[in-house]
Structure formats: structure tokens, C-alpha cells
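Worksheet: one structure, shown below.
The values are calculated or read from the model by the stated rules, or taken from the named source; none is laboratory data. Keep in mind the model is a prediction, meaning the values are calculated, not measured. Here Cβ is always computed from backbone atoms with ideal geometry, including for glycine, and neighbour counts include all displayed protein chains.
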């Protein structure tokens, strides 16, 4: 039976439109039996969200004390906003290097519209940034993508593609997520490219909620060995704090 060890994309009060503290999110992760929680508040390029100095101060967080208290490993990171068709993200490399994990996503308030070719090229440029670990919710039909090229790019650049449960649960504004994730997963199977299932939780009640994502991968008979949630060591091989040697397994 599969075990879901992690949730690498969640938000706290700092994001400005989420509703729980860091400790509340960690407590929820512990209650769900998770081994690892990624807290990835929005980059400061999104209006009304996390200020830059919130990330600058992140080294004051005692990860070992958190692990001892909650029994959960914290990855403190950022959900980067992709800002333009050139693949610019809203955090400088010097700060990105300090983030344990980085998710890069397209959001309507930040990203201009583009053709399928332009959006696909922008994603490729983002994935070529060695400090980007995960492409968040590339399922939103408002940003049309050539999924074959996206998957090839993830393979070439060593980046994880996300199956975002919030996109699939029908409560948000993203469009055609089921159809788009289905196409992406089929290309992932063809090219043997791994994915990560994430909640994108903005409340503690959603931490570790991957039910819609699991249902989709099961329906498609997607190979479990390509789902990094079931293999902590495989997941860690993709994220900054381990790839840059700041943390050991």
C-alpha cells in the first residue's frame, strides 16, 4: 500500500490570502502523519502578499527544534511568481539559494497572457534556472501549454512537475485542470518523468489533502515509482537544501 510522506506546497498567513500560522500548518502535517512539509508562501511580486524580508529572515527558523516538536521536517521555501514571457521570477538568485525548496507558478495577477508557444517557452526558461525545483499547477487552461514540450523540459532540467490537488477539487478559478493534468501525466509516463502531488493548502485543514490527485493517477494507472510522494529520498534529490548540500538525508 502506498504511503504519502510529504506535502511540498502550502501557504501560511504570510501569503496574505491564507489563514493559518506556520505552527498550525506543522501541527496539521503531524496529525496527517506526514514526514515532510514544504511551506512556500508567495513571492513578493504578487500584490498584497509576502514581503521580501519575510524570506530574508528565514534562517532564524530552527528546523531541528521544529522536527523535535512536531516530528515533521520543515522545508521553508517560496512559491515564485513567473512574471513575464521571458521566464523571470520574483526573487534574486542570492535569496533563492537560501530557500529550502522552490515552486514556480503562473498566476493571473502577475503573468501576462501568451500563446501556447510563448507560455511553453516561458516555462522552459524557468526550468533552466537551476534554483527552481518544482513547476506549480501547470494545469491552468488560462495559460495554454504544449505538454509534450513541458515534460521534455522537466526531464532535461531535472525539475518536478506538480499535480495540484486544489486545481482538481473544483473550488478555484483554474480551468480544465483534469484534462490538462491527464495529458501531462500521459507524457510523463512516456518519458518516465516524475511528478509530485501537492495540496497547495491555504488552510490547515487542507494540508496533505491529495485525494483528487491520487484518484487521477490511479485512474490513469500512473506508475507509483514516478510519484515522489512515496519516496522521500527521491524527492529530496530535487530540492535546493539537499542539492546544495545544506542538509543531509
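Is it fair to say residue 191 is surrounded by fewer than 20 Cβ atoms within 10 Å (Cβ to Cβ), closer than 25 Å to residue 130 by Cα and free of Cβ contacts under 8 Å to residues at least 40 places away in the same chain? Considered against the rule, which asks whether it is surrounded by fewer than 20 Cβ atoms within 10 Å (Cβ to Cβ), closer than 25 Å to residue 130 by Cα and free of Cβ contacts under 8 Å to residues at least 40 places away in the same chain, residue 191 comes out as no.
When 185, 220 are screened for being more than 29 Å from residue 19 (Cβ to Cβ) and surrounded by fewer than 19 Cβ atoms within 10 Å (Cβ to Cβ), only 220 passes.
Counting residues in segment 192-202 that are in a helix (DSSP H, G or I) and at pLDDT 95 or above gives zero. Within segment 159-177, the set of residues being in contact (Cβ under 8 Å) with a residue 24 or more places away in the chain and loosely packed, with under 15 Cβ neighbours inside 10 Å comprises 173, 175. Taking segment 203-218 as the range and being farther than 15 Å from residue 12 by Cα and part of a helix (DSSP H, G or I) as the test, the residues that pass are 211, 212, 213, 214, 215, 216, 217, 218.
Among residues of segment 227-249 that are without any contact (Cβ under 8 Å) to a residue 24 or more places away in the chain, those with a beta-carbon under 7 Å from a residue that is buried (at least 20 other Cβ atoms within 10 Å of the Cβ) and not in a loop (DSSP other than H, G, I, E, B) at least six positions away or on a different chain give the pairs 242/236; 249/236.
The set of residues in segment 21-36 that are under 14 Å from residue 50 (Cα atoms) and crowded, with 18+ Cβ neighbours inside 10 Å contains only 22. Please determine whether any residue of segment 68-89 is in contact with a strand residue (DSSP E or B) (Cβ under 9 Å, 6 or more places away or on another chain) and surrounded by fewer than 15 Cβ atoms within 10 Å (Cβ to Cβ). No - not one qualifying residue is present in segment 68-89.
Filtering segment 78-99 to residues that are touching a residue at least 40 places away in the same chain (Cβ under 8 Å) and either under 12 Å from the mean Cα position of the chain (by Cα) or under 15 Å from residue 44 (Cα atoms) (or both) leaves 79, 80, 82, 89, 90, 91, 95, 96, 99.
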